[in-house]
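Here's the structure, in structure tokens; my notes come after.
The values are calculated or read from the model by the stated rules, or taken from the named source; none is laboratory data. Computed from a predicted structure; not experimentally measured. Glycine gets a Cβ as well: all are built from the backbone with ideal geometry, and neighbour counts include every protein chain shown.
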2 protein chains.
Amino acid sequence: MNTAMNLFEKHQSLLNDAIEALSKRAYYSPYPESPKAYAEDGDAKAKAWISATMNNNYEGLDQTGSSEFIGEEISPFLQMGIGVRYPYFSEQILIEKAEAAQKTWGNTNPETRAGLLIEALDQVKARFFDIAYATMHTTGQAYMMSFQASGPHANDRALEAVAMGYKELKSVPESAEWVKNLGKFDLKMNKTWKAVPKGISLVIGCSTFPVWNTVPGLFASLITGNVTIVKPHPKAILAIAIVVEELQKVLAANGFSKAVVQLAPDTQNAPITKKLAEHKAVKMVDFTGGSEFGNYIEQLPKTTFTEKAGVNSIILDSVNDLKSVLGNIAFSASLYSGQMCTAPQNIFISKDGVKTSEGTVTFDDVVAGLSAAITGLVDNPKAGPGTLGAIQADLTYNRTNEALNLGGKVILASKSIVNEEFKDARIATPVVIELDKSQGNIYNKECFGPIVFVIKTDSVENSISLAKTLAEDKGALTCGAYTTSEETKLAIAEAMNTVFVPVSFNFTGAGFINSHAAFSDFHLSGGNPAGNASFANSEFVSKRFVWVGNRYM
Amino acid sequence: MNTAMNLFEKHQSLLNDAIEALSKRAYYSPYPESPKAYAEDGDAKAKAWISATMNNNYEGLDQTGSSEFIGEEISPFLQMGIGVRYPYFSEQILIEKAEAAQKTWGNTNPETRAGLLIEALDQVKARFFDIAYATMHTTGQAYMMSFQASGPHANDRALEAVAMGYKELKSVPESAEWVKNLGKFDLKMNKTWKAVPKGISLVIGCSTFPVWNTVPGLFASLITGNVTIVKPHPKAILAIAIVVEELQKVLAANGFSKAVVQLAPDTQNAPITKKLAEHKAVKMVDFTGGSEFGNYIEQLPKTTFTEKAGVNSIILDSVNDLKSVLGNIAFSASLYSGQMCTAPQNIFISKDGVKTSEGTVTFDDVVAGLSAAITGLVDNPKAGPGTLGAIQADLTYNRTNEALNLGGKVILASKSIVNEEFKDARIATPVVIELDKSQGNIYNKECFGPIVFVIKTDSVENSISLAKTLAEDKGALTCGAYTTSEETKLAIAEAMNTVFVPVSFNFTGAGFINSHAAFSDFHLSGGNPAGNASFANSEFVSKRFVWVGNRYM
């Protein structure tokens, strides 16, 4: 595998930087997030590509063993089917092909695997614009988020997994001479160690972040020697199909089987997820999605990595500049219409209002201010459509419209706005509902989508206690907190960290609690009901292989 | 905690050496295994200590909240109760005390914890002779094994867990400044990370290796900030009680609660293990013991680390010097009467016999040779008693005596031998039974104790296949292989490593497959049914805490 080893040399310096970044955890992103950093004609070419791709069979993938083409994706911007059809494989075919590819991939050394995977990320980079349009027309993310989240940010997370995997694989030497002095003589052994991969890996994608949430598990499994089957959400296949295609191309070009990475599309009426997940040959499952299915995955007798639902809280106590704070929260709640797993849902505010540098603002005035901030954002034609994007799922759209009837005091109703580029886009602005702390039956669960609850509590202590209990019971990925008191800051950190939830304090300007940066922020802690995985701690890779040592005399 | 930080400085160089040893995996043992390396009067003092301790209440442990004294240990060497009684606590009291101690211990920094724990290991070292007698008179291990396995080798494993824990805890910085350039301005955040302990840890000991199998989980939980309840086997408390006592003394001397480590003795008629394991406040369980109970532990909705039963095989193909090989196997099978989790049970030999440098030896002659080697060892009054020790459990003793009726061809019956020092010792020499490969119903399960099956196979390929399938189905901790063929060596390594079993090749002289050296050999791979833990890979510590990061603007 001369070529493949050359790929390691080609990418070794990047890999070293990435490994160093993991232990420094300062800002690091080798894939620039601005579209301007890439080919000038990239966007135009991608527009042509998506036009040509729609209403056609997707021909870029390995089709060996495929019996038909299927696809049922719908663009939330066009509100019509995009007509892309992918090669379909039965679970038997997928498993057979994976099994045939496992031995060679498992015996390929970490250097070769790292070189191939980083080379594939380079090829994916050349398709960031294609991936952006593919993401838009399946998830409803606006253009900029589609580009960044599925492109550079996803590549960052994939590289993070490769770097963490490589680091762990090199933490034990390949061999050692072991010499024990027994007085009159030495007892000598030669020892070798190998990271034996657990076997076939299944990565189950979600409909809102089909690339960002898939590549960590995919690249973590691949770097540790496990061939992987990617089972995308039937409504969000196109973007991850590009990633699988580029991986397959790099594998094939270097003499490896394309079956090291397979795409396993299915339809909502004929799902194959459980058949794959329960198959004896599948040893690991990565999953992003709802809690019910996630809990089913976790109880399988396998190694599992889950990201499930959580309820994210903001604790609003005291601020310097209330307007900038409410503007920040309004953006966090509006971004991709609250369809991020890190979007805030519950805003806990004391009935005594919010202390500011210009005096205390009453609870009602704070709520009115948040409502005004959201309206100002979404009604701004330059900001609204690009922030909100479109609603991915019928369920989310219906839930948002029916939130009026949940029982709280409706402060701001959801509505549509005009998207000049996509007149048919399915849009829903955030609904804001005021609740009393006693209405936990309404706010103590995830209401996925642009639904914001403002909860009137007795005090900041009460706010903290409610946010903590909720996170402990239902899970949370993030928590925002605004306080100018050092004591309160400590109390919030202590309370939320104890239930394994990270806190972002006093975020304003361009800092948003929704964003988790690769190489710095752990996405998910793995310690609360929002999921058992963490992108990317050492466990995220080490649980995918087993150290086995041999001794020779 | 000035004193405690001084302990870190005192032990920092040892800790650094231990961490370095983890990545080199050459020979490293800071606690010499020979009794001669310790105080000259140590043995005499320990003899006096055990005499004074027997038939008395054990007063060294924290007794706060204790309601009575209990104890029912029996010496396999004396075949009478040793009469030591320990302070008993209800599970409610144990949990309450643990909960009260958790917050402070969880917030204690890794340096302080490491200093305290290594200091405790120093204090334990001063009691190695006491621990040796305590181990002898509960487990039936002979003196030398009692000293080494429960003393220096256990301390090595404890230090290994501390070193791995400390290394993992330092793999993420306490803080970082994160600066992202956004063109016109920088987005700046201060970030902090904390390894939040999961909470109360329960470590369930076994009756044969009450210290060696307990301290890895105990010290791994403690270094990562989790207070720990040690639930020893009711028949093997005394040795680990000493370790807990020394930990409590060091904790108290440095201003920490003794409840950071509690001993939870119980009796076979009134067990508290399940009550503790199922308690909501208990977040982690380490377990060593039978597969049935281990499987129950693994299905608890908690973080678990198990060592269960396995069946260890030897594949005997070709050798240079058959006599030295058979002598080695005889010793491995006789050591502590096969009551080691790493003892060989099944010896697979081709019907065509074993190739040696002096020609092929027939199957029957090999079996006769093994039988002679065992007889030569156990009948030698200078070697037999010290190798065999005594039988710990009634069940093991009965199983060994009834092995004659299992259905195979009895090559060598079990018998007792004279132990001059302990006339009443319960002794059983290995029984050797010849089986055909078709008699899997007999050999494809663990028969704990001095029971050896020699299995006649079709060929070495057949031997490998049987050993592999057995390990995959029932688990194995080790595998011995004898072959002079490089090709066969590769085939055995490939087959056994694929089912996550390490192989020891061509062990003769002082190298025994039973021994797993800390800082070099992983004990258990964690990848087959013999258990889900591995002493001590990174997971063995990282699964005990959760990384949580806060961000500040």
Condition set more than 8 Å from chain B (Cβ to nearest Cβ) and under 27 Å from the mean Cα position of the chain (by Cα), scope the range A:164-194, selection surrounded by the fewest Cβ atoms within 10 Å (Cβ to Cβ): answer is A:Lys170
Within the range A:455-553, which helices (runs of 4 or more DSSP H) (wholly inside it) include 2 or more residues that are hydroxyl-bearing (Ser, Thr, Tyr) and more than 8 Å from every other protein chain (Cβ to nearest Cβ)?
A:460-474
Give the range B:469-494 a look and list any residue that's in contact with a Ser or Thr (Cβ under 9 Å, 6 or more places away or on another chain) and within 18 Å of A:Lys283 (Cα to Cα), or say none.
B:Ala471, B:Glu472, B:Lys474, B:Gly475
Residue set A:Ile297, A:Ile315; condition assigned to a helix (DSSP H, G or I) and touching a Ser or Thr at 6+ places or on another chain (Cβ under 8 Å); output residue A:Ile297
When you check B:Ser146 against the structure, is it modelled with pLDDT under 95, under 22 Å from B:Lys231 (Cα atoms), of a type outside the set (Val, Ile, Thr) and in the same structural domain as B:Ile240 (by TED's automatic domain parsing), yes or no?
no
Working carefully through the options A:Asn328, A:Asn346, find the one that is under 14 Å from A:Phe512 (Cα atoms), out of contact with any Gly (no Cβ under 6 Å at 6 or more places or on another chain), surrounded by 23 or more Cβ atoms within 10 Å (Cβ to Cβ) and in the same structural domain as A:Asp394 (by TED's automatic domain parsing).
A:Asn328
Do we find that A:Glu33 is of a type in the set (D, E, K, R), touching a Phe, Trp or Tyr at 6+ places or on another chain (Cβ under 9 Å), under 24 Å from A:Met145 (Cβ atoms) and in a loop (DSSP other than H, G, I, E, B) in this structure?
yes
Please verify whether the range B:426-434 includes one or more residues that are within 14 Å of chain A (Cβ to nearest Cβ), basic (Lys, Arg) and over 30 Å from B:Tyr31 (Cα atoms).
no
Pick out, from the range A:351-443, the helices (runs of 4 or more DSSP H) lying fully within it that include 1 or more residues that are of a type outside the set (Val, Ile, Thr), out of contact with any helix residue (DSSP H, G or I) (no Cβ under 7 Å at 6 or more places or on another chain) and in contact (Cβ under 8 Å) with a residue 60 or more places away in the chain.
A:363-378, A:384-388, A:440-443
Of a type in the set (Asp, Glu), more than 18 Å from B:Ser146 (Cβ to Cβ) and in contact with a strand residue (DSSP E or B) (Cβ under 7 Å, 6 or more places away or on another chain): does that describe B:Glu59?
no
Single unsatisfied condition, B:Lys445 versus (1) over 21 Å from B:Tyr336 (Cα atoms); (2) surrounded by fewer than 22 Cβ atoms within 10 Å (Cβ to Cβ); (3) more than 9 Å from every other protein chain (Cβ to nearest Cβ)
(1)
Residue count for the range A:327-371, restricted to those that are within 30 Å of A:Ser207 (Cβ to Cβ) and hydrophobic (A, V, I, L, M, F, W, C)
11
Among the residues of the range B:194-219, write down those that are more than 15 Å from B:Gly106 (Cβ to Cβ) and outside any loop (DSSP other than H, G, I, E, B).
B:Leu202, B:Val203, B:Ile204, B:Val215, B:Pro216, B:Gly217, B:Leu218, B:Phe219
So how many residues does the range B:404-428 have that are buried (at least 20 other Cβ atoms within 10 Å of the Cβ) and either of a type in the set (Val, Ile, Thr) or outside the structural domain of B:Leu370 (by TED's automatic domain parsing) (or both)?
1
Where residues in the range A:1-59 are small (Gly, Ala, Ser) and more than 30 Å from B:Trp178 (Cβ to Cβ), which of them is surrounded by the fewest Cβ atoms within 10 Å (Cβ to Cβ)?
A:Ala52
Assess whether A:Ile93 counts as being assigned by TED's automatic domain parsing to the domain that holds A:Ile272 and touching a strand residue (DSSP E or B) at 6+ places or on another chain (Cβ under 6 Å).
no
How many residues are over 12 Å from B:Ile242 (Cα atoms) and of a type in the set (A, V, I, L, M) if we restrict to the range B:51-65?
2
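Listed here are the residues, each with its yes/no results for (1) surrounded by fewer than 23 Cβ atoms within 10 Å (Cβ to Cβ); (2) at pLDDT below 95; (3) under 28 Å from A:Ala368 (Cβ atoms).
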site: A:Glu486; (1), (2), (3): yes, no, no
site: A:Val499; (1), (2), (3): no, no, no
site: A:Asn506; (1), (2), (3): yes, no, yes
site: A:Ile513; (1), (2), (3): no, no, yes
site: A:Asp521; (1), (2), (3): yes, no, no
